[in-house]
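Visitor: Take a look at this one; I'll ask things after.
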Amino acid sequence: MVHLIWPIPALPLAGTLILVFFGRRLGARAHWVAVPSVGLAFVVALAAFLRVWRDGETFTGPLLDWIIAGDFRAPVTVQLDQLSAVMLLVVTGVGFLIHVYSIGYMHGDPGYPRFFAYLTLFVFSMVMLVLAGNFLLLYVFWEAVGLCSYLLIGFWYTRPAAADAGKKAFIVNRVGDFGFALGVMLLWVSLGTLEYDEVFAQAWALPTGTATAIALLLFAGACGKSAQLPLHTWLPDAMEGPTPVSALIHAATMVTAGVYMVARAHVLFERSGVALEVVAWVGILTALFAASIGLVQNDIKRILAYSTISQLGYMFAGVGVGAYAAGIYHLVTHAFFKALLFLAAGSIIHALGGEQDIRRMGGLARRLPVTTLTFLVAAVAIAGIPPFAGFFSKDEILAAAWASGHLGVYALGLLGAAFTAFYIFRLVFLAFFGPSRLDAEAARHLHESPPVMTIPLGFLAVLSAIGGVWGLPGEHGTPIARFLDPVLPHGEAALGPGTGPLLMAVAVATALGGILAAWRMYLRRPVPAERLGVPSNRLHVLLLGKYYVDELYDALFVRPLVAVSEWCARVFDLGVIDGLVNGAADLVGRWSSVLRRVQTGLVMNYALSMLVGAVILLGLLVRWR
Amino acid sequence: MVPVGYYTTLSAVLFTIGVVGVLVRRNPLVIFMSIELMLNAANLAFVAFGREAGQLDGQVIVFFVMTVAAAEVAVGLAIIVAIFRARQRINVDDLNLMRW
Amino acid sequence: MEQVTFFVTALIAVASAIGLVVRRNPLHGALFLVVNLFCVAVLYLLLRAEFLAAAQVIIYAGAIMVLFLFAIMILIPGRAETGRDPFRRQRLAALPLGAAFLLLVGVLMWGGPPPGGAPPPPGGAAAVGRLLFTDYLLPFEITAVLLLAALVGALVLARRRA
Amino acid sequence: MELAFPVIGWRVITPMLLVTGTGFACLLLDLLPPKERKGHVAAVGLLGLALAGLATGLLWGQRETAFREMVALDEFALFFNLLFCVATGLVLLLSHGYIRRQGIEQGEYYILVLFAALGMMLMAAGTDLLIIFLGLELMSLSLYVLAGFFRTRPASNESAMKYFLLGAFATGFFLYGIALIYGATGTTSLPRLAEALARAELGRDPLLFAGLGLLLVGFGFKISSVPFHMWAPDVYEGAPTAITALIATGSKAAAFAALLRVLLGPMRGLQPDWLVLVWILAALTMTLGNVVAIAQSNLKRMLAYSSIAHVGYMLIGVVVGTQLGAAAVLYYLAAYTFMTAGAFGVILLLERRGAEAVQLGDYAGLAARHPLLALLLALFLLSLIGFPPTAGFVGKFYLFSAAIEAGYVGLAILAVLNAVIASYYYLRLIVYMYMREPEGEPVVAALTPAAGLGLAVAVWGTLHLGLAPGPLIGLAQGAVGPFLP
């Protein structure tokens, strides 16, 4: 089995190394390395998946030893089971399609080889994250995918917004990862091991309080990575990155790592109980919160970004109510339709020469038939219309919420579903239908994307359309739930007879209601271009301002920290900074004054500080006696 | 007989005067001399404590400290001379106007 | 007699130390320091450390202070610290801090037994020399390297060639 | 008069003897022509360090003391010997081209670096406060001079002056501390101190506490722990960059070695008393270092504050005081040596308009112009952040886990939070290098083969300790064995 595992990370890694060292020479041929490396990884992953699926064979074992220190051992353990096999397929499969798409999208970019180097590095890291068999390795690649994401968001670094967004993503993620790291350490201290199988076997012995602390700390990391409240702010800004990156990292794979981690560690969350409730509520609140912001955004990628945050919220709600398989299933279908939405959006942006504002689109359906069709498939899927994939997975989550007695979660989820249908069809109606609001320049530029971009769209559209077959309710749960059962037990309470179809009907009605509302507002009587997106009331302003979370953080954390830092610098360094810094430039003129200040003030200041320290040390020692 | 505590108390007083000297003076040479005063006070403490314990070790340590002090003076004065020299090139008036 | 000598010497030592700190002219300061070093040498004699007393006078007062005086003469001929002190208030903070420090360290040492318990160690050159070359051989050799390093360093810095 | 000549424990001091001998050889070699080029002196110095390292390796596993228990041959001393050999060797490699370009190539430079290394070794191997004091002085005196080696540059002069005056001031406290401890116990030897302190009534002598406090002042200065840290930014900035690297790595490691030997050796019984002090120092040091580093625009200054912050992390290991904690400090010191020497090593290669490129702005777009150097610097910075899979990550993980295991959760949380803050300013430099357009005059790099070798070693260390940390962690745990079985 090992021979089916190691090539999956090794191939993209080899691709990365080749691109790093020979990228310049390869230039515009860089995809000849990147695409096959990820493609082959997908083939191997498929083979591994089939082994797991057909024979039920799984593998856990060390690839090599990493840290051994006395009683502390952290080998590079990989684990291939039903859960990681599904994730691997998504990562390498969607990854492969997006690599192909990027050939067209990034064509002619000066950083072409660099782009593919980062992208394959990401695939490697993500594969390792999924394969990791212990928490330390998980943490390592958790950080690594964050780094790749940061590099790719800031890929177009000449745009200051891109560089800032990259930095923001990294820092916000560090806040979450701070919790994650503490959780891992606490776990090690409590159990003395970080291996999945050992941890999960011993988790029931943990005191509830400890388990809750560990689970919540881990979940803090998940909140950062998966952009859940209150750490969601980085994801919309991350849209500054190239669109394939948004599709792969910020929609389909990396941001779902949090969901994967919670599902993987569900034993710990269950042990705590409270933590699982927290996951469910944070998830569903995020779902509603982000969906409501999505209602009024005008940037096509930002709408999709808020939609992603919202859908991730649904996944957390799913795992939070104990429907792990449903959460993972939604993760998979979401990977299909959201990647498709992003890639189709990228196709539009490509066609319009960089235009991202839906107020300046309209009537694109005639000129971009393939893009429109595929986008429509994805939109129907995310809105939750049967028989498309999104319907089954979302319905599964809502049904589980209902069945487990989380009626509040169910109600909020239903409302969020209505929002979802509304915002996505608002986007569809404004962008593809109705009168054209394009400016002349863009209209002339308008063209359907090349096949290298549209073919991946087609594949994803097919998957979005038929992905529902895994979620058809059967006698013993859905097929995917049955498949994942060895890892993720689905002991969820059964619905009463007839409740299932009733809930489905309600969900469909809600989605149709949302679509109808969007149709009434934006298509039946087209709104004049200049009135689109103009806030009409306070709520609208609040939503447009994204609830002003960024501003709040800026005032609460960023500005005080900078102020403290500057204060310290001034008090402790009394003019030396600018003194010595500028002194090098205009030496003669400044040195007399600078040196005097330095010489009169500082040696004395420094010695004074030392004496203060000495007195305090002695005082404490003598007092302690 | 003078109790050893008197010697050590005296050494503490001298040490503190040296510390204060480092803090209140502006001339590097005087600061440096104050530091010598501190070392000297430490030496006195060593000898007094050695006397109390009836050992010669305290005295031997003082011998080493003296050597170290001599080495320190050589280096320290070289640094001070060097800085004065370099600054002379910038501005001769600086030399006497410069305050510590 | 011994007590009188101690108190007189101690008084001079403290007074000269204060003189070093308060006099503005570094030259005066250096002379005060020399006085202080002599006083400490006398105290060494009282403590039966004859060899050290001699070494104190020869090394400290003789060699080190001459170096100091030399540097002072070269660098700041006849000039004292002048001008307004812009950091006067901060400097004054040194006084209460110094007092606190003295309180913490000095109080611990106050009094104590007279040195009667143990016999006075022989303070002659021979005894010290013997220790230097037996028990303290290693530190002795280290100081040799230390002096060499100081020599090299001082030469490098003081050399004329830029 | 009969003079009982002592038995000389040659073996115990073999590495030190080799370094001393090399220093003397270099001194003689320096007298010979050529006068202008001194590369051969550096080469001999490197050879000597390599021999000392080799001797260290051969002596591994032995335990012995010599000179009336004044120096010890144990894994602890050997671990640090190796560390000093590596740190000093790196500095020599990086120095050669650098001081030639700066026009200060003199044989004395290399000789003083060797003497500084000798001082460090003595500090780590000394089991007598007197030896530790002498080693400290030997190291410090050499470093004072080296800091002022740019004799014509005001910044360098000033750096030497501040370092010297404040260092001598700290030495005064240190020495007085030794005097008080001697007064309380009648000995300066660490083993005999341990015996004396084992007697209960002596262990509570107030003199001892005062002595310990003053000793901590001296150590606090050398490791640049808040509030004894203020010299560090100025000295780091003004000193020649290669010397800055030595001060940041070697001298810090030496002070930590002695600190660990004293605190976890004889003073172990007093742990309840000094624990709080070191706890406070650790918390203050890492927080202040990181917070102030954010405001810096001069790279050397920024790294100075960063190094202060790292001292704060390492003090956690001292607080923890367990075998795990002490070993984590040793490991962290090794990791820190590689990444910091590497970072300074890249910085000292870069010049702009004939001056060293130390401003943040000089690094804008460095990746476009010098991709390799930018990549290396980014790697070292990521390691300083504590990003896996670099040495810095393993070091932090190890250190913080030791803290949590020993129950210092508060301190660990503070440390991790600090690490988050720290990522900001390191990252800013990476952003400058990779995500800014170059501006102004081009930055030129003077990569010599020697410097290249030095950087290669630093990269190797940073990555190797991150990817395969097991062996070194084993060594570190063995090294603290002598006093923490």
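Visitor: Name the residues in the range C:11-29 that are in contact (Cβ under 8 Å) with a residue 24 or more places away in the chain and crowded, with 22+ Cβ neighbours inside 10 Å, would you?
Guide: Result: C:ALA13, C:PRO26.
Visitor: Does D:LEU93 meet the test of being facing another protein chain (nearest Cβ under 9 Å) and either more than 16 Å from the chain's Cα centre (by Cα) or of a type in the set (S, T, N, Q) (or both)? Even if it seems obvious, please write down each step before you answer.
Guide: Values: facing another protein chain (nearest Cβ under 9 Å): no; either more than 16 Å from the chain's Cα centre (by Cα) or of a type in the set (S, T, N, Q) (or both): yes.
So D:LEU93 does not fit the description; no.
Visitor: Quick check on A:ILE98: is it in contact with a helix residue (DSSP H, G or I) (Cβ under 9 Å, 6 or more places away or on another chain), over 27 Å from D:PRO469 (Cα atoms) and within 14 Å of chain D (Cβ to nearest Cβ)?
Guide: Working: in contact with a helix residue (DSSP H, G or I) (Cβ under 9 Å, 6 or more places away or on another chain): yes; over 27 Å from D:PRO469 (Cα atoms): yes; within 14 Å of chain D (Cβ to nearest Cβ): no.
Against the criterion (in contact with a helix residue (DSSP H, G or I) (Cβ under 9 Å, 6 or more places away or on another chain), over 27 Å from D:PRO469 (Cα atoms) and within 14 Å of chain D (Cβ to nearest Cβ)), A:ILE98 does not qualify.
Visitor: Of all helices (runs of 4 or more DSSP H) completely enclosed by the range A:346-441, which ones contain at least 3 residues that are among the charged types (D, E, K, R)? Lay out the reasoning, then the answer.
Guide: Details: elements: A:369-383, A:389-403, A:407-432.
Once the helices (runs of 4 or more DSSP H) in the range A:346-441 are filtered for at least 3 residues that are among the charged types (D, E, K, R), what remains is A:389-403.
Yes/no per residue for (1) touching a Gly at 6+ places or on another chain (Cβ under 8 Å); (2) at the interface with chain C (Cβ under 7 Å from one of its Cβ atoms):
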residue: B:VAL4; (1), (2): yes, yes
residue: B:LEU10; (1), (2): no, yes
residue: B:PHE15; (1), (2): yes, no
residue: B:ARG51; (1), (2): yes, yes
residue: B:PHE64; (1), (2): no, yes
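Visitor: Sort out which residues of the range D:173-225 are β-branched (Val, Ile, Thr), touching a residue at least 12 places away in the same chain (Cβ under 8 Å) and within 12 Å of chain B (Cβ to nearest Cβ), and write them in order of number. If you could, list the steps in order and put the result at the bottom.
Guide: Start the filter on the range D:173-225 by keeping residues that are β-branched (Val, Ile, Thr), which leaves D:178, D:181, D:185, D:187-188, D:217, D:223.
From the residues that got through so far, the ones that are touching a residue at least 12 places away in the same chain (Cβ under 8 Å) too are D:178, D:181, D:185, D:188, D:217, D:223.
D:ILE178, D:ILE181, D:THR185, D:THR188, D:VAL217, listed by residue number.
Visitor: Anything in the range D:456-485 that is closer than 17 Å to D:ALA257 by Cα and assigned to a helix (DSSP H, G or I)? List them, or say none.
Guide: D:LEU472, D:ILE473, D:LEU475, D:ALA476, D:GLN477, D:GLY478, D:ALA479
Visitor: Exactly one condition in (1) touching a residue at least 12 places away in the same chain (Cβ under 8 Å); (2) more than 7 Å from chain C (Cβ to nearest Cβ); (3) more than 23 Å from C:PRO96 (Cβ to Cβ) is false for B:ASP57; which is it?
Guide: Going through the list (1) touching a residue at least 12 places away in the same chain (Cβ under 8 Å); (2) more than 7 Å from chain C (Cβ to nearest Cβ); (3) more than 23 Å from C:PRO96 (Cβ to Cβ), B:ASP57 breaks only (1).
Visitor: Sticking with this structure for a sec: Quick one: which of D:THR448, D:THR390 is at pLDDT 85 or above, out of contact with any strand residue (DSSP E or B) (no Cβ under 6 Å at 6 or more places or on another chain), within 13 Å of chain A (Cβ to nearest Cβ) and at negative phi?
Guide: Working: D:THR448 fails: within 13 Å of chain A (Cβ to nearest Cβ).
Checking each option against the conditions leaves just D:THR390.
Visitor: Among the residues that make up the range D:235-257, is at least one of them free of Cβ contacts under 8 Å to residues at least 60 places away in the same chain and either at the interface with another protein chain (Cβ under 9 Å from one of its Cβ atoms) or within 15 Å of D:ILE308 (Cα to Cα) (or both)? Before the answer, list the steps.
Guide: Of the range D:235-257, the ones free of Cβ contacts under 8 Å to residues at least 60 places away in the same chain are none.
Within the range D:235-257, none of the residues are free of Cβ contacts under 8 Å to residues at least 60 places away in the same chain and either at the interface with another protein chain (Cβ under 9 Å from one of its Cβ atoms) or within 15 Å of D:ILE308 (Cα to Cα) (or both).
Visitor: Mind listing whichever residues of the range A:105-162 are of a type in the set (S, T, N, Q) and more than 15 Å from the chain's Cα centre (by Cα)?
Guide: Of everything in the range A:105-162, those that are of a type in the set (S, T, N, Q) and more than 15 Å from the chain's Cα centre (by Cα) turn out to be A:THR120, A:ASN134, A:THR158.
Visitor: Still on this structure, I have one more. Taking helices (runs of 4 or more DSSP H) that do not extend beyond the range A:253-323, which have at least 1 residues that are surrounded by fewer than 24 Cβ atoms within 10 Å (Cβ to Cβ), among the β-branched types (Val, Ile, Thr) and touching a residue at least 40 places away in the same chain (Cβ under 8 Å)? Don't jump to the end; show me each part of the working.
Guide: Details: elements: A:257-264, A:266-272, A:274-294, A:300-320.
Hits in the range A:253-323: A:266-272, A:274-294.
Visitor: Specify the residue that is surrounded by the fewest Cβ atoms within 10 Å (Cβ to Cβ); the eligible residues are those in the range D:265-307 that are over 18 Å from D:ILE178 (Cβ atoms) and more than 13 Å from every other protein chain (Cβ to nearest Cβ).
Guide: D:GLY269
Visitor: Which of the following residues is surrounded by fewer than 24 Cβ atoms within 10 Å (Cβ to Cβ) and farther than 28 Å from D:LEU264 by Cβ: D:ARG153, D:ARG192?
Guide: Result of the check over D:ARG153, D:ARG192: D:ARG153.
Visitor: Are any of the residues in the range A:198-213 among the charged types (D, E, K, R) and more than 26 Å from the chain's Cα centre (by Cα)? Walk me through how you get there before you give the answer.
Guide: The initial filter retains those residues of the range A:198-213 that are among the charged types (D, E, K, R), namely A:198.
From what is left, the residues that are more than 26 Å from the chain's Cα centre (by Cα) are A:198.
Yes: one or more hits.
Visitor: So D:LEU141 ticks every box in (1) at the interface with chain C (Cβ under 8 Å from one of its Cβ atoms); (2) not in a helix (DSSP H, G or I) but one. Which box is left unticked?
Guide: Every condition holds for D:LEU141 apart from (2).
Visitor: Still on this structure, please answer the following. In the range A:152-166, which residue that is surrounded by 16 or more Cβ atoms within 10 Å (Cβ to Cβ) and assigned to a loop (DSSP other than H, G, I, E, B) is modelled with the lowest pLDDT?
Guide: Of the range A:152-166, the ones surrounded by 16 or more Cβ atoms within 10 Å (Cβ to Cβ) are A:152-157, A:162-166.
With the extra rule that they be assigned to a loop (DSSP other than H, G, I, E, B), the set shrinks to A:154-157.
Details: A:GLY154: 74, A:PHE155: 76, A:TRP156: 73, A:TYR157: 68.
The extreme case among them is A:TYR157.
Visitor: Is it the case that D:PRO206 is surrounded by fewer than 24 Cβ atoms within 10 Å (Cβ to Cβ), more than 18 Å from the chain's Cα centre (by Cα) and closer than 30 Å to D:GLY148 by Cβ? Can you show your working first?
Guide: Details: surrounded by fewer than 24 Cβ atoms within 10 Å (Cβ to Cβ): yes; more than 18 Å from the chain's Cα centre (by Cα): yes; closer than 30 Å to D:GLY148 by Cβ: no.
When the stated conditions are applied, D:PRO206 does not pass them.
Visitor: Look at the range C:1-10 and say how many of its residues are surrounded by fewer than 19 Cβ atoms within 10 Å (Cβ to Cβ) and part of a helix (DSSP H, G or I).
Guide: Going residue by residue through the range C:1-10, those that are surrounded by fewer than 19 Cβ atoms within 10 Å (Cβ to Cβ) are C:1-5, C:7-8.
Okay, now just the ones that are also part of a helix (DSSP H, G or I), so C:2-5, C:7-8.
Counting residues in the range C:1-10 that are surrounded by fewer than 19 Cβ atoms within 10 Å (Cβ to Cβ) and part of a helix (DSSP H, G or I) gives 6.
Visitor: With the checklist (1) within 11 Å of chain D (Cβ to nearest Cβ); (2) surrounded by fewer than 21 Cβ atoms within 10 Å (Cβ to Cβ); (3) of a type in the set (Val, Ile, Thr) in hand, flag the one item A:THR208 doesn't pass.
Guide: (1)
Visitor: Consider D:VAL320 carefully, then state whether it is within 13 Å of chain A (Cβ to nearest Cβ) and either buried (at least 24 other Cβ atoms within 10 Å of the Cβ) or of a type outside the set (Asp, Glu) (or both). Can you show your working first?
Guide: On the way: within 13 Å of chain A (Cβ to nearest Cβ): yes; either buried (at least 24 other Cβ atoms within 10 Å of the Cβ) or of a type outside the set (Asp, Glu) (or both): yes.
Here the answer is yes, as D:VAL320 does meet what is asked.
The values are calculated or read from the model by the stated rules, or taken from the named source; none is laboratory data. None of the values given here were measured: they were computed from a predicted structure. Positions of Cβ are generated from backbone atoms using ideal geometry, with glycine treated the same way; all protein chains shown enter the neighbour counts.
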